[in-house]
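The structure appears right after this line, and notes come after that.
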Amino acid sequence: MVALRIPLSDAAALAPAARRTTLLRMTLALAVLLAAIACLLLARRLDSQPSSYFAGGTSGVVVVDFSTSIDPGKYRRIDRVLRTIVRTSQPVGLVAYSDSAYEVVPPGTRGDVLRPVLRFFEPGSPTGRQLRNRFADSPWTGTFRGGTRISTGLRVAREALGREHVTRGSVLLVSDLDDSAFDTAALTQEAVRYRQAGIRLRLIPLFPSREDRELFTRLLGPSAFVGNRELLRNSRLEGRSTLVGRFPWALVAAAAGLLALLAVNERALGALRWRGAAA
């Protein structure tokens with residue numbers, strides 16, 4: 001379609017208005033572009049997580065106890081926690097520990113990558129027949145010697161978050177809290193370092209003794225423990241897309257600003273229409 005042009009004898013008089021229109025058009029285009037970029041960035045950083053194990057907007061690391069004191073009954077609780085993370089594809093890191101610690105995957109790894117780890121917490125046999133209290137040996141069985149030094153697992157998790165430049169990290173310790181008496185000083189130092197670094201540390205206790213629970217209550221406070229009700233609620237998430245997090249007010253505000261700019265653009269820079277002269 002060929003655009004119609006109307007010759008004007010005083011076109012030069014409209015030059016200032018044309019420059020203003022061009023400047024307004026460029027300004028609005030830049031503002032729309034910036035608002036769209038803000039919406040994109042805020043959408044990628046939504047303060048929400050598929051489960052309540054980690055604080056909203058943080059990167060998490062799960063630290064799992066592989067010491068010999070972890071019996072099959074405790075394995076089932078570990079399996080429940082990891083299965084929730086796997087089925088919701090929650091981005092996490094994983095650290096396995098006993099007397100030493102090993103970083104299985106770094107922080108930010110998709111949770112479904114941990115699916116092969118689940119088999120170490122499921123009873124069974126090479127023939128496929130289910131046997132009670134029989135579990136496959138993990139890759140770390142020959143490395144871990146049976147002692148328990150919780151500080152080593154916490155240290156590796158803290159260093160992993162620091163290496164990935166995570167400033168608001170969360171660590172979930174899954175353990176029976178049966179720590180070596182020789183590890184108490186190092187464990188206390190790690191608790192101090194966590195507070196100084198602003199790392200949120202939570203505990204899923206695997207049926208610990210009263211003495212061990214009291215020790216960690218003194219170190220971290222009772223609010224650090226994940227209760228049975230929260231465990232059950234997170235287990236029900238499984239493959240659903242339910243999110244537990246804060247409402248994204250910043251994203252809503254940026255989207256509203258983008259819509260307002262688009263409305264201004266349509267209103268101020270719409271097509272020129274000729275109107276008849278007023279009577």
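The values are calculated or read from the model by the stated rules, or taken from the named source; none is laboratory data. Because the structure is predicted, anything quoted here is derived from the model rather than measured. Methodologically, a virtual Cβ is constructed for each residue, glycine included, from the backbone with ideal geometry; neighbour enumeration extends over all protein chains shown.
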Item to check | Near pairs, Cβ below 8 angstrom, 6+ apart or cross-chain, from the range 169-193 (under 11 Å from Arg155 (Cα atoms)) to any residue that is surrounded by fewer than 21 Cβ atoms within 10 Å (Cβ to Cβ) and of a type in the set (A, V, I, L, M, F, W, C) | outcome: Leu187/Leu219; Ala191/Leu219; Ala191/Leu220
Item to check | Residue pairs meeting the criteria (Cβ under 6 Å; at least 6 apart or on separate chains; first farther than 18 Å from Met26 by Cβ, in the range 253-275; second at pLDDT 75 or above and exposed (fewer than 14 other Cβ atoms within 10 Å of the Cβ)) | outcome: none
Next on the checklist: Quick check on the range 223-242. Is at least one of its residues modelled with pLDDT of 80 or more, out of contact with any Pro (no Cβ under 9 Å at 6 or more places or on another chain), surrounded by fewer than 17 Cβ atoms within 10 Å (Cβ to Cβ) and more than 20 Å from Lys74 (Cα to Cα)?
Outcome noted: yes
Item to check | Residue satisfying condition, being at pLDDT below 90 and among the aromatic types (Phe, Trp, Tyr), within set Phe120, Phe182 | outcome: Phe120
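Here's the yes/no breakdown for (1) under 30 Å from the mean Cα position of the chain (by Cα); (2) in the same structural domain as Leu261 (by TED's automatic domain parsing); (3) at pLDDT below 65:
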position: Ala3; (1), (2), (3): no, no, yes
position: Leu8; (1), (2), (3): no, no, yes
position: Ala12; (1), (2), (3): no, no, no
position: Pro16; (1), (2), (3): no, no, no
position: Ala29; (1), (2), (3): no, yes, no
position: Leu33; (1), (2), (3): yes, yes, no
position: Ile37; (1), (2), (3): yes, yes, no
position: Leu40; (1), (2), (3): yes, yes, no
